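Each remark here refers to the structure printed beneath this line.
The values are calculated or read from the model by the stated rules, or taken from the named source; none is laboratory data. Predicted model only: the values in this text are computed from it and were never measured. Reconstructed Cβ throughout: ideal geometry from the backbone, glycine too, with neighbour counts over all protein chains shown.
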Amino acid sequence: MEGKREGERPWARMAPALALLLVVVAAGSFLLARGSAKPALPGGAQQGRAGSGFYGTLALPSKPAPAIHLRDYQGRPVTLAEYRGKAVLVTFLYANCPDICPLITSNLRVALNLLGKRASAVQVIAVSVDPRGDTAANVARFVREHEMTGRMQYLIGSAAELAPTWKAWNVGSSREVDQPQLVAHSALVYGISASGKLMTIYPDSFEPSEIAHDVPLLAAR
């Protein structure tokens, strides 16, 4: 049996394992730091704490929401301003999304169901982040499969038509390099008051009950 070499220190044999551990810890810290970064909000608003009875995170200071002037997948013109007097929930989706977009849409449907008759006080608007893939047929299928036909305005257009809205709402949209069928994009839901102000923000992991709770408050403002 080979003995310990002269002058060898015990911690020297542990150096490779310690180095690997440091790499793992550093990588984890980097990922946590990235995950904690707050996305940019429209109009330079900042995410504040929940308050004033809202379950959603407040957008501070409260400012008028950026305008939206687009067409839905059936070709009808839609503006955000036409829903003044109602609460509006705005989000950004694409029909071929494999995970987050279906989750957001399904949870919005559950929130509307929880509201019951009070759902008439809110309008859901989705804006496409995929001009190429969000054809009228694809969007119609997506809306139908998620039981949101007639319950959600899904707005589409060319990249040139959609880009001003993306910019105004600080929404990123870019195709994955190795999987061009996928689109990397911001995945928030914005709560707009009846007076047209951006009031609340919800992450893609929101609970439907949170929005169901906040809609009457948004509709009253």
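Quick notes
- If the condition is being in contact with a Gly (Cβ under 7 Å, 6 or more places away or on another chain), hydrophobic (A, V, I, L, M, F, W, C) and over 19 Å from residue 143 (Cβ atoms), then segment 63-80 contributes only 65.
- Residue 116 meets all of the listed conditions (1) on the phi > 0 side of the Ramachandran plot; (2) not in a helix (DSSP H, G or I) but one, namely (2).
- Residue among 114, 155, 89 that is touching an Asp or Glu at 6+ places or on another chain (Cβ under 7 Å) and either closer than 18 Å to residue 189 by Cβ or at pLDDT below 95 (or both): 155
- One residue stands out among those in segment 175-206 that are modelled with pLDDT of 95 or more and part of a loop (DSSP other than H, G, I, E, B): the one that is surrounded by the most Cβ atoms within 10 Å (Cβ to Cβ), which is 193.
- Which numbered condition residue 168 misses (of (1) at pLDDT 85 or above; (2) of a type in the set (Gly, Ala, Ser); (3) closer than 14 Å to residue 133 by Cα): (3)
- Answer residue from segment 59-100, given it is of a type in the set (A, V, I, L, M, F, W, C) and more than 18 Å from residue 150 (Cα to Cα) and is surrounded by the most Cβ atoms within 10 Å (Cβ to Cβ) among those: 65
- Within segment 211-221, the set of residues being surrounded by 18 or more Cβ atoms within 10 Å (Cβ to Cβ) and of a type outside the set (A, V, I, L, M, F, W, C) comprises 214 only.
- Restricting segment 101-138 to residues that are among the β-branched types (Val, Ile, Thr) and farther than 22 Å from residue 167 by Cα leaves a set whose member that is surrounded by the fewest Cβ atoms within 10 Å (Cβ to Cβ) is 110.
- Residues of segment 72-87 classified as touching a strand residue (DSSP E or B) at 6+ places or on another chain (Cβ under 8 Å) and either in a loop (DSSP other than H, G, I, E, B) or closer than 16 Å to residue 165 by Cα (or both), total: 7
- Filter pass, residue 150 being buried (at least 16 other Cβ atoms within 10 Å of the Cβ), at pLDDT below 95 and out of contact with any His (no Cβ under 7 Å at 6 or more places or on another chain): no
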